[in-house]
Every structure is written in C-alpha cells, then in structure tokens.
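J.: Quick one: the structure is below, and I'll ask about it shortly.
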Amino acid sequence: MRSHFPALTHPAAGLGLFALAILAAPWLVGAAGGNYWVRTLDFALLYMMLALGLNIIVGYAGLLDLGFIAFYAVGAYVAALLTSPHLTTAIPAIAALFPDGLASPLWLTLGCAAILAALCGIILGAPTLRLRGDYLAIVTLGFGEIIRILMRNLDRPVNLTNGPKGIAAIAPVEVFGIDLSRTHTWFGLNIPSVYLYYYLFAFVTLLIVMACYRIQDSRIGRAWQAIREDEDAARAMGIRTHRLKLLAFATGAVFGGTGGVLFASFQGFISPESFTFNESISVLAMVVLGGMGHISGVILGCVLISALPEILRSSVGPLQEQLLGQIWVDPEVIRQLFFGLALMLVMLYRPGGLWPTPQRSTT
C-alpha cells in the first residue's frame with residue numbers, strides 16, 4: 001500500500017524532519033515554559049552523553065558499573081583546572097609559567113579530559129575486570145566514591161581541587177570566537193545562552209550517537225555483545241575478553257569525560273557534591289529504563305528521567321493548593337515516590353526497558 005505522502009517515506013525527508021525538530025526544540029520549549037525548561041533540556045542532553053557512555057559498559061559489554069559518575073567528575077575537574085584561574089592562584093610556579101592564565105581552548109580541554117578519563121577507566125578495569133556480577137559492582141561503586149573523596153580532600157598540601165568549596169570562575173565555551181555564556185543577536189533575533197549551549201550539546205550528542213552506532217555494528221561491538229551473553233563461551237571462541245572489557249571501560253569513560261567538560265563550562269562552578277553516588281544511580285536508571293544496549297531506548301530513558309521529575313516538581317505543589325488549599329506533602333517527596341513507583345512498574349512489566357533492543361531473526 002502506497003503512502004499518501006511519498007516524500008515523507010524517503011530517508012532524506014526523515015532526516016530533514018529530525019534535523020528540523022532538533023533546531024526547533026529550544027524555541028518551542030522556551031515559548032511554552034521559559035528558559036528554565038530550555039535549561040532542563042540542556043541537562044537532558046548532558047545526561048544523554050553520560051548514559052550513552054554507560055550503555056557501552058553496561059548495555060554492550062554487560063559490565064555493571066555503579067561508579068560511572070567518576071569519569072564525569074574527572075572531565076569536569078580537568079575543565080575547571082585548565083580554564084579557570086584556580087591553578088595560577090593556588091600554585092605560584094604555574095602562575096610564573098603562565099602569567100596570563102591557562103585559558104585552554106575547548107578542543108585541548110576535551111582532548112585532555114578524554115585521555116585522562118580513559119586512563120582512569122583502564123586503571124579501574126585492569127585489576128578488577130576479572131571479577132563479575134555483584135563483586136564488580138561493589139568495586140566500581142568504591143571507585144566512584146574514591147574519586148569524589150579525592151576531589152574533596154585534594155586541597156592540601158597542594159590545593160588542586162579547592163576541596164569542598166569547589167572551583168568557580170570556569171571559563172565558558174567559545175566556538176569560533178562566540179561566547180556561549182552571553183545572549184547574542186543575529187538578524188534581529190535574540191538567542192539566549194541556554195539556547196546556544198543547547199545547540200552545542202545537541203551537536204556533541206549527535207556525534208556520540210553516530211559513534212555508538214558505528215561501534216555497535218563493528219567487530220568490537222559484536223565481541224562485546226558476545227561477552228555480555230556468555231563470557232566463558234566468548235573466551236572459548238578466541239575473544240580476548242579482558243582486553244575488550246578494558247576497552248569498553250575506556251570508551252565509556254571518554255564519553256563521560258566529554259560530558260564533564262561541557263557540564264563544568266555550562267555551570268561555571270563545580271564541587272564534589274555534583275558527583276555523588278545518586279548521580280551514578282540516576283544515569284544507570286536511564287539506561288535500564290530505556291533499554292540496555294539500545295541507543296534509541298537509552299535516549300528515551302534520558303528524556304523521561306530528566307524531564308518528568310521536573311514536571312512533577314513544578315506541578316504537584318500548585319495541584320495540592322488547588323485541591324486541598326495548602327501543600328500537605330513536600331513536592332520533592334511526591335516526586336521521588338512517583339519516580340520509584342514508575343521504575344518498579346517498568347521492571348515488573350517491561351524488564352527489557354521501555355524500548356528494548358529489537359530481537360534479530362535467527363532463521
């Protein structure tokens with residue numbers, strides 16, 4: 001049966017509509033709810049970068065990582081140290097070498113963060129990836145807490161991280177000389193900072209999605225899936241499981257470190273409290289809720305877990321005032337209650353996630 005709109009069935013038309021939706025999203029969201037919701041959209045894109053990185057570890061290779069937020073923290077602190085005046089203020093030797101400050105460009109900061117995050121993934125994985133299941137989960141949880149505690153205490157004897165006070169005055173992103181922290185006017189149209197960051201985050205997220213699709217269909221991606229299904233059988237088939245699991249940790253860490261750089265530049269301030277265990281659990285929930293190993297499902301999980309709690313946070317209070325005359329229950333409590341209940345229902349009735357990986361025919 002032919003479509004009444006044959007142009008819409010063409011792949012180019014589908015890509016065009018998708019691109020149009022990406023371009024129009026902040027304007028539609030901003031018109032409906034203001035810049036607060038555009039900022040929520042920005043954070044949803046940051047979480048997509050993290051969740052896609054964790055999906056490589058958990059969804060592709062089948063390794064349970066409860067400390068993935070540590071790689072996010074590494075990237076954020078690399079950005080803070082390379083683009084803020086903290087190091088030149090705290091360490092006179094660095095001030096003497098760089099009297100005008102570090103002010104590293106974005107590409108250099110991203111490169112350093114990616115390399116350091118990958119090294120952290122290798123350091124974590126090298127001695128521990130022979131463990132499986134719950135034991136590996138406990139080790140990765142400990143790694144995440146170690147990184148957070150290090151960031152909290154590396155303010156003495158040399159002040160590297162400024163301890164619990166955090167690092168401020170992180171330089172915003174500049175793309176082709178355009179400062180994304182300011183509102184710009186082009187062709188009579190005012191474009192706020194949150195809109196500009198949205199387009200940057202969307203571009204980086206699309207690059208990560210493309211990389212994930214290429215990895216998924218590659219020889220390495222299929223080897224990871226074999227390890228996920230049965231590690232012993234994969235080893236018997238000649239797959240070097242330990243080396244490939246290390247590669248999974250390093251690859252996922254690169255995406256996490258990239259997200260950390262953009263987060264630090266977007267916020268302008270970071271502290272150890274931004275990288276708690278709860279953040280790791282939230283990212284893991286996005287992967288599990290959407291569908292482990294399925295890129296589209298992971299993106300869906302990010303959108304739902306990022307946006308729906310904010311919708312509940314903003315609507316539950318006014319709803320109580322209209323129905324009951326006052327707020328009887330803290331909206332945050334109700335938000336967490338609905339969030340937990342939704343996760344329980346999904347795990348009971350959709351254990352593969354809301355959008356699981358399509359099962360390929362074996363015929």
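The values are calculated or read from the model by the stated rules, or taken from the named source; none is laboratory data. What you see is a predicted model; the values in this text were computed from it and never measured. Please note: Cβ atoms are built from the backbone with ideal geometry, for glycine as well, and neighbour counts cover all protein chains shown. Ligands, DNA and RNA are stripped out before the accessible areas are found, and what is left, the full protein with its side chains, is counted by its heavy atoms. Shrake-Rupley method; radii C 1.70, N 1.55, O 1.52, S 1.80 Å.
J.: Report relative contact order for the chain in percent, whole number only (criteria: Cα-Cα under 8 Å, sequence separation at least 6). List each step's numbers first, then the result.
T.: Details: 538 pairs, mean separation 103.2, N = 363.
It rounds to 28 percent for the chain.
J.: Sorting check: for 172-185, 211-224, 139-152, which peptide has the highest mean count of neighbouring beta carbons within 10 Å, and how do the rest follow?
T.: So the order, starting with the most tightly packed, is 139-152, 211-224, 172-185.
J.: Could you give the DSSP H helices of the chain that reach 24 angstrom or more along their long axis (alpha carbon positions) and whose average Kyte-Doolittle hydropathy is no lower than -1.0? Don't skip to the end; give the middle numbers.
T.: Numbers: long enough: 11-33 (32 Å, 1.70); 35-55 (29 Å, 0.84); 106-128 (33 Å, 1.97); 133-153 (30 Å, 0.83); 193-216 (34 Å, 1.43); 241-267 (39 Å, 0.81); 295-324 (42 Å, 1.18); 331-349 (27 Å, 1.49).
Result, helices passing both filters: 11-33, 35-55, 106-128, 133-153, 193-216, 241-267, 295-324, 331-349.
J.: Over the C-alpha atoms of segment 85-205, what are the Rg and the largest Cα-to-Cα span, Dmax, in Å?
T.: 19.2, 60
J.: Something else: Determine the order of Lys245, Lys165 by accessible area, beginning with the largest, at a probe radius of 1.4 Å. Intermediate results must be reported in sequence, preceding the final value.
T.: Numbers: Lys245 5, Lys165 160 Å².
Order by accessible area, largest first: Lys165, Lys245.
J.: Still on this model: Using Cα springs under 10 Å in a Gaussian network model of the chain, which residue among Ala169, Ala113, Ala32 shows the largest mean-square fluctuation?
T.: Between Ala169, Ala113, Ala32, it is Ala32 that shows the largest mean-square fluctuation.
J.: Summing -39500 (n - 2.57) over the DSSP H runs of n ≥ 4 in the chain and dividing by its residue number, what mean residue ellipticity at 222 nm do you reach, to the nearest 500 deg cm²/dmol? Show your work: numbers first, answer last.
T.: Working: 14 runs with 245 residues, N = 363.
Only helices count here, giving -22500 deg cm²/dmol.
J.: Using a 1.4 angstrom probe on the protein heavy atoms only, could you order Cys112, Cys120 from most to least accessible area?
T.: Listed by decreasing accessible area, they come as Cys112, Cys120.
J.: Hey, another quick one. Students often get this wrong, so try it: which of (i) 21.9, 74; (ii) 18.5, 59; (iii) 21.0, 67 is Rg and Dmax of the Cα atoms in Å as calculated from the structure shown?
T.: (i)
J.: A follow-up question, please. Using +1 at the C-beta of Lys and Arg and -1 at the C-beta of Asp and Glu, which of Val78, Gly144, Leu108 has the Cα lying farthest in the positive direction of the dipole of segment 64-152?
T.: Of the candidates, Gly144 comes out farthest on the positive side.
J.: Now, a different point. Any idea what the alpha-carbon Rg over 2.2 N^0.38 Å comes to for segment 242-363? Walk me through the numbers before you get to the answer.
T.: On the way: Rg = 18.2 Å, N = 122, 2.2 N^0.38 = 13.7 Å.
Rg over 2.2 N^0.38 Å, computed on Cα atoms: 1.34.
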